[in-house]
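J.: Here it is, the structure in full.
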Amino acid sequence: EGRDSTEDDQRPGRPVTVSTPEIVIKINQIVRADRRMSTRMITEAVNADKETVRKILHEELHMTKVCAKLVPKNLTPDQKFLRQQVCSDFLEKLKEDPGLMKNIITCDETWIFQYDVETKRQSMHWKTPESPRIKKARMSKSKFKAMLIVFFFDINGIVMTEWVPEGQTVNQIYYLSVLATLRERVRKKRPELWKNNSWILHQDNAPAHNALSVKQYLAGKRTPVLEHAPYSPDLAPCDFFLFPKIKSALKGTRFESMEAVKQKTAELLKALTKEDFQHCFDQWKKRMERCVARGGEYIEGEHLNVE
């Protein structure tokens, strides 16, 4: 179509290079809405340069990344106590019922990109002292599409995956529809858990997961929910196991479309063995034991990753 106006379209200003109260508030709101947001995504959302965003996150909001999620850099005594208590309570239940892990279905959602830049480790290459360094073109994620995907899995493997439609946010209404689909999937794929109504849902404290309507729905269906301490991605199987497995394999590959990304993701999930998932749940127990021993401190860097 033609244009009636001969004036230039409005262009975004130059990226903000200094911290302002407005930018700090906006970044705080973005992070609280989605702790999975990368620094690059936040940078593009607020039109600020990366170093400014990094300083605001670390120095003003006192955030750090654990399992690719932004969390408080220093946990308060109350937060550490709660983490320790939640882990201790669950470990006690495991002592009483060693088979409890087999009943748990854990879940979370994450962003999957049509193109995600490879990590520094992935881009390393062998070279002689005389050979020139390979130059890498800088690519922005914003030029490529991204979609949210919700994973549900247990000690035996994937129970369900749900690609979130473009433009749809994972709010309580949408999440309720996902849970309804999950119930049907459990009935078909885990008939022994369905027959006895013995399955337990494990989820983090995202707003949609914690919504009153969701709690009432699960209570009405007599589906117990395993308690998860706030700010604890290091204790969530999706965060320390599944997401790194999938994302590390996708990084550095430029897909032609999101359909191609979906197909590759499905292939990666299919390649995971029953032993992989059992090892994940074993590591989950070890992480909880380590959290108790450390007085609720984060356990990243303790060589317990299952990547």
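J.: Past the 29 Å Cα-Cα mark, which pairs from Lys195/Lys251; Lys145/Lys188; Lys80/Lys251; Lys73/Lys270; Lys73/Lys286?
T.: On the way: Lys195/Lys251 40 Å; Lys145/Lys188 33 Å; Lys80/Lys251 33 Å; Lys73/Lys270 36 Å; Lys73/Lys286 23 Å.
Those over the limit are Lys195/Lys251; Lys145/Lys188; Lys80/Lys251; Lys73/Lys270.
J.: Okay, moving on. Given a Förster distance of 30 Å, report the FRET efficiency between Thr20 and Glu227 from their Cβ-Cβ distance, rounded to the nearest 0.05.
T.: With a Förster radius of 30 Å, E is 0.20.
J.: A further question follows. Could you list log10 I(q)/I(0) for segment 220-269 at q = 0.25, 0.27, 0.30 Å⁻¹, which the Debye formula gives when each Cα is one point scatterer?
T.: Taken in order of the listed q values, log10 I(q)/I(0) reads -0.92, -0.99, -1.12.
J.: Classify segment 21-61 as rounded, prolate or oblate from the Cα gyration tensor: take a ≥ b ≥ c as the square roots of its eigenvalues, call it rounded if a/c is under 1.5, otherwise prolate when a/b beats b/c and oblate if not. It would help to have the intermediate numbers written out before the result.
T.: Working: a/c = 1.29, a/b = 1.09, b/c = 1.19.
Since a/c stays below 1.5, the shape of segment 21-61 is classed as rounded.
J.: Moving on to the next point. Evaluate E = 1/(1 + (r/R0)^6) for Arg54 and Ala206, where r is the Cβ-Cβ distance and R0 equals 25 Å; express this FRET efficiency to the nearest 0.05.
T.: 0.55
J.: Within 11 Å, Cβ to Cβ, of Tyr174, how many net charges do the neighbouring residues add up to if Lys/Arg are +1 and Asp/Glu are -1?
T.: Numbers: positive: none; negative: Glu109, Glu162.
Residues near Tyr174 contribute -2 overall.
J.: Between Gln263 and Asp78, take the C-beta separation as r, use R0 = 51 Å, and let me know the FRET efficiency to the nearest 0.05.
T.: 0.65
Where a number appears in this text, it was derived from the coordinates with a stated rule and is not lab data. Small disclaimer: the values here were computed from a predicted structure and weren't measured. Because the Cβ atoms are built from the backbone with ideal geometry, glycine has one as well, and the counts that use them run over all protein chains shown.
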